[in-house]
Amino acid sequence: MITLFPDWVKSVVTQGVVGRAATKGIFTFQTWNPRDFTNDVHHTVDDRPYGGGPGMVMKVAPLRAAIHAARAALPLAKVVYLSPQGTVLNQNLVQKTAVNVSQLILVAGRYEGIDERVLTKDIDAEWSLGDFVLSGGEIAAMAVIDALVRMLPGTLGDDLSAVEDSFSAGLLDHPHYTRPPEIDGQCVPEVLQTGDHAVISQYRLQQRLGKTWLKRPDLLKEKVLTASEQNLLEAFKKDYFSGLKE
Ligand code: 4FV
C-alpha cells in the first residue's frame, strides 16, 4: 500500500483475521510512504492546487517514486487508486480480484486527492468504497484488504464461511443465533435445534431469499431462482404477510 500513514495502517492490518493470515504467510503486506521519496528538507508531499480553491493536492514526484518502488518489488501488480470516482466495490469485484490478481498496489490519497497526471500515467484502476468522502484512502484500502484476504484459502477457520457470506450467490446472509436458546423472551428458531442438516439448510436458504427480498430486492432482480427457491420465497412471503395481519 502507498500511504502517508504506514504505522497506522500496519497497526490495523496486523490485527485479527487479516493479521493471522499474514502470520500464516497466506499474504504479505508492505507499505511505501511518498514522504520517503522526497528530496527537500521539509519532505514535501503536497502543494496548493493550480487554479486556486481549498485544500492541498498530493504532488506527482514523491507519489510516482513510491509507486515505482512498489512496482519494482511487485512487478506483476495491478495499481489501484482508492477514490469516490472509482468503481464502487462489491463482492463480485472482490471475488474476481481474489481469484485473478496475485499482486495489488493500493494507493491511498490524502488531502483533496492526487495530481491528475499520476492518475493518467501510473494508476491501472480506481475503486471506491462508496458514494461518500473520506479524509484519506487508507480506510478504503484496508477495507479492500480485509474483504480480499478473507477470501483466500486458509484465512477463515472454515473456508465455507466466505462461501455463505452475504452477497455470495447473490443473496444476503441468513440470520445467526448462538446460546442461550432463550433470552429476554426471545427464542432461537426450533428448526435450528433439530440437528437435521437438510431441514436446516432449507431453512437457511429460505431466510436468505426472504431477507434479500425484504432488504435488497434489487439483488433479487439480478438472480434467476430455481423452482424450489421460488417456492421457498413464496412461503416466506406468505408467513411474512400473515404475520403483518395478526
Ligand atoms: C474514497 C472513497 C475517498 C477523497 C479525497 C481521500 C478521499 C481524499 N476512497 N472510496 N469514497 N477518498 O473518499 O475510496 O484524498
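The values are calculated or read from the model by the stated rules, or taken from the named source; none is laboratory data. What you see is a predicted model; the values in this text were computed from it and never measured. Ideal geometry is used to build each Cβ from the backbone, glycine not excepted, and the neighbour counts take in all protein chains shown. For accessibility, only protein heavy atoms count, side chains too; no ligands or nucleic acids. Shrake-Rupley method; radii C 1.70, N 1.55, O 1.52, S 1.80 Å.
A few comments on the model shown:
Quick grid of which residues meet (1) small (Gly, Ala, Ser); (2) within 21 Å of the chain's Cα centre (by Cα):
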{"site": "167", "(1), (2)": "no, yes"}
{"site": "171", "(1), (2)": "no, yes"}
{"site": "182", "(1), (2)": "no, no"}
{"site": "185", "(1), (2)": "yes, no"}
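- Among the residues of segment 31-64, those that are more than 14 Å from residue 3 (Cβ to Cβ), surrounded by fewer than 18 Cβ atoms within 10 Å (Cβ to Cβ) and away from the ligand (no atom under 16 Å from the Cβ) comprise 38, 39, 40, 41, 42, 43, 44, 50, 51, 52, 61.
- Residue within segment 129-139 that is over 12 Å from the mean Cα position of the chain (by Cα), within 12 Å of the ligand (Cβ to nearest atom) and in a strand (DSSP E or B) present: yes
Every residue, every condition in (1) within 26 Å of residue 149 (Cα to Cα); (2) open to solvent by 80 Å² or more (accessible area, probe 1.4 Å); (3) in contact with a Ser or Thr (Cβ under 8 Å, 6 or more places away or on another chain); (4) modelled with pLDDT of 95 or more, yes or no:
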| residue | (1), (2), (3), (4) |
| --- | --- |
| 163 | yes, yes, no, no |
| 168 | yes, no, no, no |
| 172 | yes, no, yes, yes |
| 183 | no, yes, no, yes |
| 191 | no, no, no, yes |
| 206 | no, no, no, yes |
| 238 | no, yes, no, yes |
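- Near pairs, Cβ below 6 angstrom, 6+ apart or cross-chain, from segment 131-144 (open to solvent by 90 Å² or more (accessible area, probe 1.4 Å)) to any residue that is within 8 Å of the ligand (Cβ to nearest atom): 133/84
- Flag for residue 123 being more than 7 Å from the ligand (Cβ to nearest atom), touching a Phe, Trp or Tyr at 6+ places or on another chain (Cβ under 7 Å) and either open to solvent by 50 Å² or more (accessible area, probe 1.4 Å) or in contact (Cβ under 8 Å) with a residue 12 or more places away in the chain (or both): yes
- All of 26, 67, 2 fail the test of being over 23 Å from residue 135 (Cα atoms) and surrounded by 11 or more Cβ atoms within 10 Å (Cβ to Cβ), apart from 26.
- Residue ID - nearest to residue 53 (Cα to Cα), chosen from residues in segment 102-120 that are under 19 Å from the mean Cα position of the chain (by Cα) and surrounded by 14 or more Cβ atoms within 10 Å (Cβ to Cβ): 109
- In a residue-by-residue description of segment 192-201, the property of being among the β-branched types (Val, Ile, Thr) and more than 30 Å from residue 94 (Cα to Cα) applies to at least one position.
- Residue 158 vs. criteria modelled with pLDDT under 95, over 20 Å from residue 90 (Cβ atoms) and more than 16 Å from the ligand (Cβ to nearest atom): yes
- When residue 81 is tested against (1) touching a Leu at 6+ places or on another chain (Cβ under 8 Å); (2) open to solvent by 70 Å² or more (accessible area, probe 1.4 Å), exactly one condition is not met: (2).
- If you go through segment 95-124 and keep only what is among the hydroxyl-bearing types (Ser, Thr, Tyr) and farther than 27 Å from residue 56 by Cα, you end up with 97, 102.
- Any chance residue 148 is open to solvent by less than 30 Å² (accessible area, probe 1.4 Å) and free of Cβ contacts under 8 Å to residues at least 40 places away in the same chain: no
- Neighbours by Cβ (under 6 Å, 6+ apart or cross-chain): first from segment 63-80, closer than 22 Å to residue 93 by Cα; second open to solvent by 10 Å² or more (accessible area, probe 1.4 Å) and of a type in the set (Phe, Trp, Tyr): 80/127
- Yes/no for residue 210 being out of contact with any Pro (no Cβ under 8 Å at 6 or more places or on another chain) and outside any loop (DSSP other than H, G, I, E, B): yes
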